[in-house]
Amino acid sequence: MNSFSNEIRNAMIWTVLAAGMLCGQLAFSVKASPETVKRTINIKERVESDRNAVKLKDFVINKGMLSDEELEFDIVEVSEKREKTLSLVDLACVLQNYNSLMNVQLRGPSYITVRRLKSSEHLDRARREIADYIKGNPPWNDWEVDVLLNSNDELLLSKAGEFSKLEVKSYSSSKMLGTVAFRIILYDMDGRQKDILAINPVIQRKVDVIVAADSLQKGQIIRKGDLKTAPMWIDGSSRDMILDEADCIGKEVAKKVNSGEFIRTSDVLMPVCAKKGDIIWVECISGALSVRVAATVLENGRLGDFIKVRNNSSQKVIDVELTEEKTARKRI
């Protein structure tokens, strides 16, 4: 590619990236296979490193989204004497140099502060021991989890410096994923307590979530062959992801889902069980007694809906609950 073509390409990249900054989030990708699940990388606001060459792993919060090789990619050089400010646009441009990151989406602050530390030996050890504690204790020891310290957590641990022993104490809380509070007790080289720190790491769990094996059209009834699974790191904010295919099979697609996309709870509806004018069976229950009567549907309804029907014998209009196709229940 000649220099003029390079200039045109770079100008186009900058235009697209600058537009993304207006929304506080930057995304870039190449044309990928329809089955490619795009990765979203969360970027820190402050980066601290003990190396001249600051690597991608120093910028990323959710490191589990990247391979070991990608985490070691060089991003920027920084001297010990001064800090450097890098925009999210600048970072995106650097990542364009790595083919495996061309379909990655960035999410983070507009500007990132990069600072050189004298050594990260003690910080690395603290990170490792905190992660080992969490991964080795219930309920996390039964899951595959990733522990993500935020910039403030790392700053506190970095300032604490050298320590002989570290203890992790969890607060009494029912929250196990997402941002979870812990108390860190540090001891000096003589075994005396030197610091008590409050940190709030993000704990993510790796699970298989349901994705579309092929494109699903609005109104389509989902079959087993329409689904497959893909691994994903989830936290407390990922409750709309579907983990069990039984929660999809037999349901109706609410809006188009492209091949390879995650299927969310908002993407599926209960199937229509009765339409206006249909004749259905209604099971009338009173205590241990039950009787079935035929009724005419007066409005469309989905599984679990309460709809109005007219008893074909008495002509009385009653509310019933749809329990399956053309079948309903009425408790008296």
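Across region 270-285, in residue order, what do the Karplus-derived ³J(HN,Hα) couplings come to in whole Hz, using 6.51 cos²θ - 1.76 cosθ + 1.60 with θ = phi - 60° and x for Gly and Pro?
Along region 270-285, the couplings run 4, x, 5, 9, 7, 10, 3, x, 5, 9, 10, 9, 10, 8, 8, 10 Hz.
Angle between the Cα long axis of helix 121-135 and the longest principal axis of the chain, 0 to 90 degrees, nearest 10?
That works out to roughly 20 degrees.
Calculate one ³J(HN,Hα) per residue across region 203-219 by plugging θ = phi - 60° into the Karplus curve 6.51 cos²θ - 1.76 cosθ + 1.60, and present them in order as whole Hz with x for glycine and proline.
9, 10, 10, 8, 9, 8, 10, 7, 10, 7, 6, 9, 4, 10, 9, 4, x
Provide the descending list of Cα extents for the chain along its principal axes, expressed in whole angstroms.
Cα spread of the chain along its principal axes, largest to smallest: 90, 64, 31 Å.
Compute the length gained on full extension between Leu117 and Thr229: take 0.36 nm times their separation in residues and subtract their Cα-Cα distance, giving the result in nm to one decimal.
36.1 nm
Which of the aspartates and glutamates could be linked to Lys308 by a straight reach, that is with a Cα gap under 17 Å, when you skip same-chain ones fewer than 8 residues away?
Asp278, Glu283, Glu299, Asp319, Glu321, Glu324, Glu325
Given points 7 Å out from each Cα along the Cα-Cβ axis, report the Thr85 to Glu45 separation in nanometres with one decimal.
Roughly 1.4 nm, to one decimal.
At Glu162 and Asp240, where each label point lies 7 Å from the Cα along Cα→Cβ, what is the point-to-point distance in nanometres?
Result for the modelled spin labels: 5.1 nm.
If we count other beta carbons within 10 Å of each Cβ, what is the order of Asp132, Asp226, fewest first?
Asp132, Asp226
Suppose only helical runs count, i.e. DSSP H with n ≥ 4. What mean residue ellipticity at 222 nm does that imply for the chain under -39500 (n - 2.57) per run, divided by all residues and rounded to the nearest 500 deg cm²/dmol?
-5500 deg cm²/dmol
Among Val268, Val282, Val76, which one shows the biggest mean-square fluctuation in a GNM of the chain, springs joining Cα atoms closer than 10 Å?
Per the Cα network of the chain with a 10 Å cutoff, Val282 tops the list.
Report the gain in length on full extension from Leu197 to Asp132: 0.36 nm times residue separation, minus Cα-Cα distance, nm rounded to one decimal.
My answer for the length gained is 21.6 nm.
May I ask for the angle, rounded to the nearest 10°, between helix 3-21 and the longest principal axis of the chain, with both axes built from Cα atoms and the value confined to 0 to 90°?
Computed tilt is about 60 degrees.
By the gyration tensor of its Cα atoms, with a ≥ b ≥ c the square roots of the eigenvalues, what is the shape of region 121-200: rounded for a/c under 1.5, prolate for a/b over b/c, or oblate?
It comes out prolate by the Cα gyration axes.
Every read-out reported here was derived from the displayed coordinates using simple, explicitly stated rules and does not represent laboratory data. Being a predicted model, the structure only gives us computed values, none of them experimental. Positions of Cβ are backbone-derived with ideal geometry, glycine not excepted, and every protein chain shown enters the neighbour counts.
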